[in-house]
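Scroll down for the structure; my scribbles are underneath it.
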């Protein structure tokens, strides 16, 4: 079962990856195209994590079980307009 703590740990790991990618680009260890592609994947995963946390909180607020929240597809999360 996913917990808020586990999701926050995953977010922290993804942010670390994001910083490492930017540092690798600065050090000329990776090409800009590779950095952009990898950053897009990391950012999409971050969006999914934040969306999952919002779902869990909404369920809690409405008296539901936050454990029933699920990761939505990137296409759905990225297309959300608020």
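The values are calculated or read from the model by the stated rules, or taken from the named source; none is laboratory data. As the structure is a prediction and not an experimental result, all values here were calculated from the model. Every residue, glycine among them, receives a Cβ derived from its backbone with ideal geometry; neighbour counts consider all protein chains shown.
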* To do: Using the structure shown, decide if residue 63 is assigned to a loop (DSSP other than H, G, I, E, B) and either in contact with a helix residue (DSSP H, G or I) (Cβ under 7 Å, 6 or more places away or on another chain) or modelled with pLDDT of 95 or more (or both).
  => yes
* Of the conditions (1) surrounded by 12 or more Cβ atoms within 10 Å (Cβ to Cβ); (2) assigned to a helix (DSSP H, G or I); (3) at pLDDT 95 or above, residue 16 clears all except one; give me its number. => (1)
* Look through segment 25-49, keep the residues that are in contact with a helix residue (DSSP H, G or I) (Cβ under 7 Å, 6 or more places away or on another chain) and free of Cβ contacts under 8 Å to residues at least 12 places away in the same chain, and return whichever of them is nearest to residue 73 (Cα to Cα). => 32
